[in-house]
1. So how many residues does the range 78-132 have that are among the aromatic types (Phe, Trp, Tyr) and within 19 Å of GLY145 (Cα to Cα)?
2. Does ARG205 satisfy being in the same structural domain as LEU37 (by TED's automatic domain parsing) and touching a Gly at 6+ places or on another chain (Cβ under 6 Å)?
3. Need the failing condition index for ARG181 against (1) in contact with a strand residue (DSSP E or B) (Cβ under 7 Å, 6 or more places away or on another chain); (2) within 30 Å of LYS226 (Cα to Cα); (3) of a type outside the set (A, V, I, L, M, F, W, C), just the number.
4. Quick check: is even one residue across the range 128-150 closer than 19 Å to TYR224 by Cβ, without any contact (Cβ under 8 Å) to a residue 12 or more places away in the chain and assigned by TED's automatic domain parsing to the domain that holds SER231?
5. Can you name the condition, by its number, that PHE216 falls short on among (1) within 31 Å of the chain's Cα centre (by Cα); (2) at pLDDT below 90?
6. Is there a residue being among the β-branched types (Val, Ile, Thr), in the same structural domain as ASP86 (by TED's automatic domain parsing), in contact with a helix residue (DSSP H, G or I) (Cβ under 7 Å, 6 or more places away or on another chain) and over 21 Å from ALA95 (Cα atoms) anywhere in the range 171-192?
7. Do we have ARG288 as more than 21 Å from ILE223 (Cα to Cα), surrounded by fewer than 17 Cβ atoms within 10 Å (Cβ to Cβ) and at pLDDT 90 or above here?
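The values are calculated or read from the model by the stated rules, or taken from the named source; none is laboratory data. Keep in mind it's a predicted model, so treat the numbers as computed, not measured. In this analysis, Cβ positions are derived from the backbone assuming ideal geometry, glycine residues included, and neighbour counts consider all displayed protein chains.
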Amino acid sequence: MTDMRPAPSLRTQLVIWFGTLALVVAGALSLALGSMLYEQTERSQGEALRAVSRGDAQALADDLAHNRRSVEALASSTALWSNGLDSPAVHATLARVKAMNPDDSWIGVADASGVVRAATGGLLVGQDVHERPWFAPGLQGTHVGDVHAAKLLAAYLPPTANGEPRRFVDFAAPIVIGGQRVGVLAIHGSWDWADRVVEKLAPERAGELGIETFVFDRTGAMIYAKGGRLSQWAAMGQRMPPLPPGPASARSTRWRDGEDCLTAWFRVPPITPGIDLGWIIVTRQPVRVAFAAAHRAERTALAVGTTAAALATLLAWAFARRLSRPLMSIARAAHAIAGGRSSEIPTQQGSREIAELSQALAGMTSRLVAANRDLEQRVRERTEALEAANAELAALAWVDALTGLPNRRAFDEHARQLAATARRASRPLSVLIVDADHFKRVNDVHGHAAGDATLVALAGAIRARLRESDFVARLGGEEFAVLLPDTDGAGALVAADNIVAAVREIAIPAVGRVTVSCGAAEVRMPAGDCAEALARADEALYIAKREGRDTSRQWQSPLTGAADAFPPVASASLPV
């Protein structure tokens with residue numbers, strides 16, 4: 001027995017629909033607002049983080065450049081070294097320079113053989129340092145080295161405050177007296193300097209906001225982390241995170257500590273045109289902090305939208321009740337008429353539309369018929385347009401979109417037809433394969449737009465040297481194929497030579513002159529296998545490639561004993 005449950009009343013349906021619509025609109029608006037806030041926050045916070053990275057990078061670069069200039073100026077002071085590399089004046093000057101620059105952990109002078117002659121605090125005096133990474137380049141010119149752990153000085157200097165191994169940045173310059181390089185002046189700058197630079201330029205409430213700055217070297221290894229946590233990051237295997245795609249953008253990235261962070265970066269400028277340490281300053285902020293305001297705004301918008309949806313539902317209930325009351329009266333009157341208890345539907349005063357409802361029912365049928373005829377006409381028009389579009393697509397399936405020549409599919413079909421005609425009439429048929437020389441170089445040097453222009457020019461040059469009865473198609477890439485009806489192998493070679501010469505004479509804008517190589521083969525009769533002839537023409541093409549390009553060759557069967565009888569060539573072994 002069929003379950004005939006009564007449909008919900010109009011009032012109930014209106015309330016459901018209005019309530020659902022209000023909730024959907026509220027949700028969509030809150031999502032749109034949230035998305036807009038996220039994008040704005042990501043952009044503004046990303047720019048702020050990048051500004052921090054930029055400031056740190058510039059400060060580090062400025063300090064590196066200052067130290068470079070200092071070591072150059074000190075090393076070039078001829079009067080200082082006039083009494084030797086270990087004179088009292090040298091010792092006093094080194095001590096004074098170190099006192100003025102607390103970040104300089106050690107300043108020393110080594111002679112040309114690598115023996116330390118003078119140093120601050122007397123550290124390493126008399127020791128051989130010629131194998132240290134700063135000595136050899138410092139003897140040749142100004143040198144700024146990357147961050148490295150202390151080696152010889154580790155035993156002489158006190159431990160760092162954070163317990164990490166001491167690390168230095170080396171600055172070295174040659175000492176030249178009378179045109180002779182007599183020694184090297186070296187400064188070991190403490191890497192604690194980077195911590196002070198980052199701390200000084202950190203934004204207000206950086207710790208509260210979770211903003212952290214890191215330094216990575218050119219290999220992607222982390223060389224600085226705040227608070228002496230470098231060893232912890234190294235243990236986690238943290239490397240350079242994926243950088244944002246644009247110079248003024250930031251990206252949300254998962255770090256090895258499990259934190260999703262908004263990440264920005266800035267590259268430390270070169271110290272000089274010839275000295276670039278390749279450091280990258282990376283600043284991050286946890287996503288949960290960066291987008292906290294956006295989250296709150298989204299939740300607020302959702303709450304307001306939900307409240308508005310509830311109010312809209314109540315209004316819809318009142319409106320639906322007022323709208324459905326006269327309709328229910330009309331329905332009861334209709335049931336009464338059907339049951340023979342009444343003979344008319346009373347006029348309702350709920351609205352003008354309700355009063356006109358009965359009159360509109362009569363005209364509705366005629367309008368529906370007219371609408372149906374209009375719909376059928378539109379269906380016919382759309383069907384005709386679709387058939388025309390399908391016919392156009394079918395035509396395009398046979399044409400190469402770039403050159404306008406027939407494509408491989410059209411070539412194969414035309415080859416079958418010409419082969420069948422040649423067999424029936426006992427007429428010769430030949431094929432050519434034309435391939436652009438060094439076409440990859442055109443794309444690599446001039447770009448793919450120039451490569452496309454080159455292919456269009458080649459297609460025009462080939463077509464211009466053919467007869468009306470000949471058929472040329474683009475097989476793919478830079479390769480073209482030609483069908484030559486009523487043409488034997490010798491005639492095919494002549495046509496190939498004409499094509500090679502024609503291409504040699506054209507000049508392509510932004511590219512210049514290009515050349516092609518060509519292979520020719522006659523279709524064997526009575527078999528008339530164009531695919532076999534195409535393969536033999538391909539072998540002749542690669543012979544032309546191997547013999548220097550910008551030429552053509554005809555394939556000859558080894559059984560004929562002809563001079564041009566070439567063995568098959570593996571095309572993969574020859575560049576195009």
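1. 1
2. No: the conditions fail for ARG205.
3. Every condition holds for ARG181 apart from (2).
4. No, every residue in the range 128-150 fails to be closer than 19 Å to TYR224 by Cβ, without any contact (Cβ under 8 Å) to a residue 12 or more places away in the chain and assigned by TED's automatic domain parsing to the domain that holds SER231.
5. Among (1) within 31 Å of the chain's Cα centre (by Cα); (2) at pLDDT below 90, PHE216 violates only (2).
6. Scanning the range 171-192 turns up at least one residue that is among the β-branched types (Val, Ile, Thr), in the same structural domain as ASP86 (by TED's automatic domain parsing), in contact with a helix residue (DSSP H, G or I) (Cβ under 7 Å, 6 or more places away or on another chain) and over 21 Å from ALA95 (Cα atoms).
7. yes
Here is a yes/no grid of residues against (1) closer than 21 Å to GLY114 by Cα; (2) surrounded by fewer than 20 Cβ atoms within 10 Å (Cβ to Cβ); (3) in contact with an Asp or Glu (Cβ under 8 Å, 6 or more places away or on another chain):
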{"site": "VAL52", "(1), (2), (3)": "no, no, no"}
{"site": "ALA59", "(1), (2), (3)": "no, yes, no"}
{"site": "GLU72", "(1), (2), (3)": "yes, yes, no"}
{"site": "SER76", "(1), (2), (3)": "yes, yes, no"}
{"site": "ALA79", "(1), (2), (3)": "no, yes, no"}
{"site": "ASN83", "(1), (2), (3)": "yes, yes, no"}
{"site": "THR93", "(1), (2), (3)": "yes, yes, no"}
{"site": "LYS98", "(1), (2), (3)": "no, yes, yes"}
